[in-house]
1. Across region 109-121, which residue is modelled with the highest pLDDT among those that are exposed (fewer than 15 other Cβ atoms within 10 Å of the Cβ) and part of a loop (DSSP other than H, G, I, E, B)?
2. Which of the residues belonging to region 182-205 are closer than 20 Å to H123 by Cβ and in contact with a Leu (Cβ under 8 Å, 6 or more places away or on another chain)?
3. Looking at this structure, is S161 in a loop (DSSP other than H, G, I, E, B), polar (S, T, N, Q) and at pLDDT 90 or above?
4. Looking at E216, E186, E269, can you tell me which residue is within 26 Å of P148 (Cα to Cα) and either surrounded by fewer than 16 Cβ atoms within 10 Å (Cβ to Cβ) or not assigned by TED's automatic domain parsing to the domain that holds P158 (or both)?
5. Among the candidates D252, D179, which residue alone is of a type in the set (D, E) and either touching a Gly at 6+ places or on another chain (Cβ under 6 Å) or closer than 28 Å to L30 by Cβ (or both)?
6. Assess whether S139 counts as being assigned to a loop (DSSP other than H, G, I, E, B), at pLDDT 95 or above and of a type in the set (G, A, S).
7. Within region 244-258, can you find the residues that are over 14 Å from S161 (Cβ atoms) and either modelled with pLDDT under 95 or buried (at least 19 other Cβ atoms within 10 Å of the Cβ) (or both)?
8. Just one of (1) buried (at least 21 other Cβ atoms within 10 Å of the Cβ); (2) over 13 Å from the mean Cα position of the chain (by Cα); (3) at pLDDT 85 or above trips up R275, so point out which.
Amino acid sequence: MISRSWGACFLNMPNRPKSPCSYPGCPVLLDKPGKCDKHAQTKRSGWSKDRAKQPVMTTTERGYGYAWRKIRDSVMRRDQGLCQVCLSNGRTRLAAEVDHITRKADGGTDDVENLQAICRECHRLKTAVEQLPDQQWTSFYPEWMPKPAIPVTVVAGPPGSGKSKYVEDRAKPGDLVLDVDVIAAEAYGLKLYEASYEQRTAAVRVRNKLLAGLNENTQYKRCWLIVTAPSEDKRHWWRDKLDAELVVLDVDKRICLDRIANDARRTPESKRRAREACLAWV
């Protein structure tokens, strides 16, 4: 049985999604919200960009006192208590929090136009993504990626070649499976292949964060990385960068295109992108 969290697929683990360590940039996933053992004693305070030098502040000093609660209640009423991120992605979910669209650390304010009602799941993902510097984390081929401390198998192939099925049949309990399509779907509560370009970009950032954490993280026995990598040099790049075993599913393009055309899970836009990626495979 495979159960999935918003950041990855985990085998034979509880259905409840794991939460990322709340320390900025830490890739460790936990069974419940909080910090990992390494960062359990660290403290964060205030909204200053130089937080480490600031004294611990009260809720009111940080800007979340009575005045904030009044603003929060107003935004909740305006948004009818519904998560605005979910609504923008075609689903309805009750909000639990009010979020700064542009966070304070990036110059955002408490103006109601910069606030939105949001559910905990969307807020957790948005916060995790915001803590990752764009230029460092969004690359499909991150040159800075450290060597992992566990074995990695890279499974490459065109869309429709059966990469997910190949991994599902071979991954074992305790393995970590990383697939951008699955990460995006789980993160935003979408069906597989429905994610937009922006959502897939966010999923790439999460994938890269988890991959980078494998240089110290030994809670997994093996990592399975699913990629398209349409050319031989791209496939070899992943193999060499991660010291990985490389499995290439070089399935006939006609078979892949037929599978794509008949895949009821794919939207028309997803089918178009998949066909292009398939035809570009060499």
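The values are calculated or read from the model by the stated rules, or taken from the named source; none is laboratory data. Just so you know, these numbers come straight off a predicted model, no measurement behind them. Because the Cβ atoms are built from the backbone with ideal geometry, glycine has one as well, and the counts that use them run over all protein chains shown.
1. D111
2. Scanning region 182-205 gives A184, A185, A187, Y188, Q199, A202, R205.
3. yes
4. From the options E216, E186, E269, the qualifying one is E216.
5. D179
6. Numbers: assigned to a loop (DSSP other than H, G, I, E, B): yes; at pLDDT 95 or above: no; of a type in the set (G, A, S): yes.
So S139 fails the test.
7. A244
8. (1)
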